[in-house]
Amino acid sequence: MSALVGGVRPASLRARAEAGDRLLGALLRMPSEELVEMLAVARFDFVLIDAEHGPADLIALRQHIAVAAVHDVPVIVRVGQDDPGMILRVLDQRAQGVLVPHIDDAVAAAAVVSASHYPPLGTRGFATYSRAGRFGETPAEEHREWYLANTLVFGMVESPAGVAAAEAIARTPGLDGIMIGPADLAASSGPEDLPVAEATAVVNRAITAAGKLRMDIVGTPAAAIAAFDDGARLVVYNLASSLMRHLHDLRAARD
């Protein structure tokens, strides 16, 4: 849970998103504690830590979440596919949400919801002695109720199968939102599948129709503005791509 500020707990990332705030974050891979801190100092709204394509090292992940917590910046963790154990661990370490890749149907979406929430909504194992429960200092019922109300659960649609099932995925109870994985979607699409732009439009319409949250990944400020204007509530920069582009721009002085 977030620290108290002036006796009032700051709104969670989920509460802010559902209230209509435009929330800007950055996707980064471990190890990069200083980048977490730099994003906080730059007043980003959240950090998305990649434990799918980045090292899924729980000790390093805990350190990153702890650094973010010092600055009261919420963390979402992209976990690996079909990994309820990792979902449990990252939420116990005080992440406010999870992003799960390769959701191809409503059954997979429902499994993610179940792994992410305490009963009665899900099957996540209950403990208050983790970082999330302030090492046992948070009363059990307060801890349970806060996480039931504020855990942010996102799934990724990254294949033609996921696009075809987008409406059913988006309607899954307890799934807060969807993020399209454009690289995987392009890689998994063949000549008989919808072009990525059309597939993206199909998924985005399903998100809107279901009243769920949309998260987009972008590479430039112009793309971020366009994503917000098109209906995304959360937008993340691919920090590796952005940094490499900036480094190439800096190197241009030599050329």
- [ ] Please compute P(r) over all alpha-carbon pairs of the chain, binned at 5 Å starting from zero, and give each bin as a whole-number percent.
- [x] 1, 6, 13, 18, 20, 17, 12, 7, 3, 1, 1, 0, 0
Open item on the list: Using only the heavy atoms of the protein chains and a 1.4 Å probe, how would ASP193, ASP216 rank by accessible area, largest first?
Closed with: ASP193, ASP216
TODO: Please report the Cα spread of the stretch 70-132 along all three principal axes, rounded to whole Å, starting with the longest.
DONE: 37, 23, 15
Open item on the list: Just the number please: accessible area per residue for the stretch 125-255, 1.4 Å probe, all protein chains included, in Å².
Closed with: 50 Å²
Task: Largest-first ordering by accessible area, 1.4 Å probe, given options SER189, SER12 - done: SER189, SER12
- [ ] Take the Cα of GLU192, step 7 Å along the line toward its Cβ, and report every residue of the stretch 142-171 whose backbone nitrogen sits under 14 Å from that point.
- [x] 160-161
TODO: Would you mind checking which residues have amide H under 5 Å from ARG94's amide H? H placed 1.01 Å from N; only 5 or more apart, or other chain.
DONE: ALA132
- [ ] May I ask you to list, by number, the DSSP H helices of the chain whose Cα span along the axis is at least 20 Å and whose average Kyte-Doolittle hydropathy reaches 0.0 or more?
- [x] 196-210
Open item on the list: Looking only at the chain, where both bridge partners belong to it, what percent of the DSSP beta bridges are antiparallel (to the nearest 5)?
Closed with: 5 percent
Task: Spin-label model distance (nm) - LEU58 vs LEU247, 7 Å beyond Cα toward Cβ - done: 3.2 nm
Task: Protein accessible area in the chain, 1.4 Å probe - carbon and sulfur % - done: 57 percent
Task: Equivalent ellipsoid semi-axes - Cα gyration tensor, the stretch 1-95, angstrom - done: 21, 15, 13
- [ ] Skip the ligands, DNA and RNA, and give the accessible area per residue of the stretch 18-60 with a 1.4 Å probe, whole Å².
- [x] 51 Å²
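The values are calculated or read from the model by the stated rules, or taken from the named source; none is laboratory data. As the structure is a prediction and not an experimental result, all values here were calculated from the model. Cβ: placed from backbone, ideal geometry, glycine included. Neighbour counts: every protein chain shown. Just the protein is used for accessible areas: all its heavy atoms, side chains included, with ligands, DNA and RNA removed. Shrake-Rupley method; radii C 1.70, N 1.55, O 1.52, S 1.80 Å.
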